[in-house]
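The values are calculated or read from the model by the stated rules, or taken from the named source; none is laboratory data. If you're wondering where the values come from, they're calculated on a predicted model, not measured in any experiment. Backbone-built Cβ (ideal geometry, glycine too); neighbour counts: all protein chains shown. Just so you know, the surface numbers come from the protein's heavy atoms only, side chains and all, with ligands and any DNA or RNA stripped out. Shrake-Rupley method; radii C 1.70, N 1.55, O 1.52, S 1.80 Å.
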Amino acid sequence: MNLRLATLLLLAVLPFAASAAPKAAAASAAPVVGVDYVEIEGGKPFAPVKGKIEVVEVFGYTCPHCAHFEPQVAAWKAKLPSDVNFVPLAAPFGGYWNPYAQAFYTAQAMKLQPKTHEAVFKALHEERSLPIQNASAAEIASFYAKFGADPIAFAAAMNGPATAKAMDRAKTFIMASEVDSTPSMVVAGKYRIITQKGFDDMLRVADGLIAKERAAAKR
């Protein structure tokens, strides 16, 4: 390769290298309060576990944005270190949100939630085998029966006192954290992520806040 050709190639590469540098710096930048997240006054974890940093994802099965986020957050969750406790929380926002929130907490109590979580999103938003609106407890229970639930017991539990208590507890946390949309993420009960730059950035901020809490614990 002659000197002139090498120089031309170098000049062609330099703009790409220069433009990539700010992006790399932005990706590793520490989260900024008021821009990336807000501090929750008096905030506490939803389900504290000693020695672990809690990350709550507030979601709704009927929310299309949550359905789009699910594969991404699932992949992110799978790579979390052992000192992080990821907690999905179905939002009981009322109306057609509630039956599926009831189903989530019922499935959780019956140890069915891990193997049904992705399937519910797919049934609602891809396969259209479950209705988003006007879903009855019996209809939803029939879906969970495919994963080993007794449909009669499941439908009864959806409207039972234990599920009502779980819904109230979730609602209390969501209101205290001032979450009004989904998907939303709350780290350590203290920080609500507010970035408007997309799902990648939401997870970047979550990683930064996890690191912030980890560093604070070592002081």
Of all the helices (runs of 4 or more DSSP H) wholly in the stretch 113-219, which have at least 3 residues that are closer than 21 Å to ASN85 by Cβ and at pLDDT below 95? 199-217
Per the filter on the stretch 69-92, residues under 30 Å from GLY160 (Cβ atoms) and either touching a residue at least 60 places away in the same chain (Cβ under 8 Å) or touching a Lys or Arg at 6+ places or on another chain (Cβ under 7 Å) (or both) are PHE69, VAL73, ASN85, PHE86, LEU89, ALA90, ALA91, PRO92
Here is a check on your reading of the model: is ASP168 open to solvent by 20 Å² or more (accessible area, probe 1.4 Å), within 13 Å of the chain's Cα centre (by Cα) and charged (D, E, K, R)? no
Is it true that some residue in the stretch 147-160 is under 15 Å from PHE46 (Cβ atoms), within 23 Å of the chain's Cα centre (by Cα) and open to solvent by less than 40 Å² (accessible area, probe 1.4 Å)? no
Go through (1) modelled with pLDDT of 95 or more; (2) over 18 Å from the mean Cα position of the chain (by Cα) for ASN85 and report which single condition fails. (2)
Do you know which residues across the stretch 104-129 are crowded, with 21+ Cβ neighbours inside 10 Å and either farther than 20 Å from HIS68 by Cα or in contact with a Leu (Cβ under 9 Å, 6 or more places away or on another chain) (or both)? PHE104, TYR105, THR106, ALA107, VAL120, LEU124
Could you please find all residues in the stretch 47-69 being in a loop (DSSP other than H, G, I, E, B) and either charged (D, E, K, R) or open to solvent by less than 30 Å² (accessible area, probe 1.4 Å) (or both)? LYS50, LYS52, GLY60, TYR61, THR62, CYS63
Does any residue in the stretch 140-161 that is hydroxyl-bearing (Ser, Thr, Tyr) come within less than 6 Å, Cβ to Cβ, of a residue that is in a helix (DSSP H, G or I) six or more places away or on a different chain, and which pairs are these? SER142/PRO151; TYR144/PHE154
Quick check on ALA74: is it open to solvent by less than 80 Å² (accessible area, probe 1.4 Å), modelled with pLDDT of 95 or more and not in a strand (DSSP E or B)? yes
Could you list all residues from the stretch 85-99 that are surrounded by 23 or more Cβ atoms within 10 Å (Cβ to Cβ) and in contact with a Gly (Cβ under 8 Å, 6 or more places away or on another chain)? ALA90, ALA91
